[in-house]
């Protein structure tokens, strides 16, 4: 299972504004740091949307990040959006709550208006029209099987298609005419775990387009949060980064991105202001190839990240493997997107393998968390006793493998991954590298941190395992 805190991620350690944002988030929504981390990219994606397109072959993706958060009631989901919405509004970014489920509310409707001697139909755009963050506070409505919910899911899927591709256009045929809108929304969907949700996750395409975070809240966790709230009465928190600095970061980012688009197109600020939506989209698309560049480390790091995602499902039952692997294309897109977010945080126009690694570190945990949750119901993978035995075997091999200290922020206790795998294979009499890799993938996310130095990959037993008594 993933760690449900954020401070151990390299991105949080590297970028003070991200760490400062999380300080504000955790004061509002207790013990929900991973959604807090994702919410930063949710906001930044909307801030960057008018200016950033990421070229992928002959097409592109955009910087939006959408989230589906599944967690028990009364655990801070609703209050979390209050801080998101407050920051977005203070940054002049539109952000709304969606409360009704009608097609007209989502896509739009026609209103008859009397002009002179005749009635004129006026189109009123729905919630999915335009650029904004949208909160679906009762996402379970989307999951209830009905003709309407299926149509809702199709609208949401289309709304999340990449800006600039023309596929984010929503159309609804109505008795008074056809409603057509362009959607550039980011979705923040929350729900308690309704009955049968795991089957919906496996067969509804919307889940391949969002970052899905599930967490089970125990009674002890709820008690701890209650105690924390009690201790905060009449106590004002202190922050290393002020709220105004957080808001100004997003505002300044918009200015930096806009000015780069203007420079790449050779246009003035006044021309941008006077331009139509079609003009601005054309200028952004024209700047796409030069807005950011990647260095030589980017693609190898991306391929390594993809391989690690596939390693998670490699050992699964074939009946579920294909469905669970279908999430990986979305993960690949999000790895590109969040790597570009890291470059924005750093204030650089060159996206590197390090940015990919920081994105992968977060997304790998999210994906492993999702697969662990699905496995608990579909009953694939190892039984608990088998898992414990294999963990002991890997721990034993780790302590028998030569350890290295990098002398930087990564610290000591690293071992060469290939050497550890070879030692494991010899100890278990395994001649097949595939068999060794399969056994490693079954425990890797839970037991080991990973890094890379040159072409060599290194792993380190996580602290909670290193601090336990070594296997004899």
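The values are calculated or read from the model by the stated rules, or taken from the named source; none is laboratory data. These figures come from a predicted structure and were not determined experimentally. Heads up, the Cβs are rebuilt from the backbone with ideal geometry, glycines too, and the neighbour counts pull from every protein chain shown.
Of all residues in region 1-48, those satisfying the criterion of being farther than 20 Å from residue 88 by Cα and part of a helix (DSSP H, G or I) are 10, 11, 12, 13, 14.
Taking the criterion of being assigned to a loop (DSSP other than H, G, I, E, B), farther than 29 Å from residue 228 by Cα and in contact with a strand residue (DSSP E or B) (Cβ under 9 Å, 6 or more places away or on another chain), would at least one residue in region 81-98 satisfy it? Reasoning before the result, please.
So the first thing to find is which residues in region 81-98 are assigned to a loop (DSSP other than H, G, I, E, B), and the list is 91-94.
Of the ones still in play, those that are also farther than 29 Å from residue 228 by Cα are 91-94.
Next cut, in contact with a strand residue (DSSP E or B) (Cβ under 9 Å, 6 or more places away or on another chain) only: 93-94.
The answer is yes, given that some residue of region 81-98 is assigned to a loop (DSSP other than H, G, I, E, B), farther than 29 Å from residue 228 by Cα and in contact with a strand residue (DSSP E or B) (Cβ under 9 Å, 6 or more places away or on another chain).
Of the numbered criteria (1) surrounded by 19 or more Cβ atoms within 10 Å (Cβ to Cβ); (2) at pLDDT 95 or above; (3) closer than 24 Å to residue 436 by Cβ, the one residue 352 fails is (3). Exactly one residue out of 447, 420 is in contact (Cβ under 8 Å) with a residue 24 or more places away in the chain, outside the structural domain of residue 296 (by TED's automatic domain parsing) and more than 27 Å from the chain's Cα centre (by Cα): that is 420. Report yes if some residue within region 234-243 is touching a helix residue (DSSP H, G or I) at 6+ places or on another chain (Cβ under 9 Å) and assigned to a helix (DSSP H, G or I); otherwise report no. Checked against the condition, which is being touching a helix residue (DSSP H, G or I) at 6+ places or on another chain (Cβ under 9 Å) and assigned to a helix (DSSP H, G or I), region 234-243 yields at least one hit.
Inspection of region 123-132 identifies at least one residue that is closer than 30 Å to residue 216 by Cα and either touching a helix residue (DSSP H, G or I) at 6+ places or on another chain (Cβ under 9 Å) or part of a helix (DSSP H, G or I) (or both). The helices (runs of 4 or more DSSP H) falling completely within region 246-318 that include 1 or more residues that are at pLDDT 95 or above, surrounded by fewer than 19 Cβ atoms within 10 Å (Cβ to Cβ) and in contact with a strand residue (DSSP E or B) (Cβ under 7 Å, 6 or more places away or on another chain) map to 277-291.
Does at least one position in region 90-98 carry a residue that is modelled with pLDDT under 90 and assigned by TED's automatic domain parsing to the domain that holds residue 206?
Yes, some residue in region 90-98 is modelled with pLDDT under 90 and assigned by TED's automatic domain parsing to the domain that holds residue 206.
Against the conditions (1) surrounded by 15 or more Cβ atoms within 10 Å (Cβ to Cβ); (2) outside any helix (DSSP H, G or I), where does residue 335 fall short? Just the number, please. Of the numbered conditions (1) surrounded by 15 or more Cβ atoms within 10 Å (Cβ to Cβ); (2) outside any helix (DSSP H, G or I), the odd one out for residue 335 is (2).
Only a single item in (1) modelled with pLDDT of 95 or more; (2) surrounded by fewer than 16 Cβ atoms within 10 Å (Cβ to Cβ); (3) out of contact with any helix residue (DSSP H, G or I) (no Cβ under 7 Å at 6 or more places or on another chain) is not met by residue 38, and it is number (2). The residues listed here are 70, 61; of these, the one that is in contact with a strand residue (DSSP E or B) (Cβ under 9 Å, 6 or more places away or on another chain), under 30 Å from residue 465 (Cβ atoms) and in contact (Cβ under 8 Å) with a residue 60 or more places away in the chain is 70.
Quick check on this structure: which one of 391, 375, 386 is more than 24 Å from residue 37 (Cα to Cα), touching a helix residue (DSSP H, G or I) at 6+ places or on another chain (Cβ under 7 Å) and modelled with pLDDT under 95?
391 is the lone residue from the list that is more than 24 Å from residue 37 (Cα to Cα), touching a helix residue (DSSP H, G or I) at 6+ places or on another chain (Cβ under 7 Å) and modelled with pLDDT under 95.
Among the residues making up region 324-351, those that are at negative phi and more than 19 Å from the chain's Cα centre (by Cα) are 348, 349, 350.
Of the residues 216, 224, the single one that is outside the structural domain of residue 352 (by TED's automatic domain parsing), surrounded by fewer than 16 Cβ atoms within 10 Å (Cβ to Cβ) and within 30 Å of residue 451 (Cβ to Cβ) is 216.
Please work out if residue 12 is within 17 Å of the chain's Cα centre (by Cα), on the phi < 0 side of the Ramachandran plot and crowded, with 20+ Cβ neighbours inside 10 Å. Judged against the criteria, residue 12 is a match.
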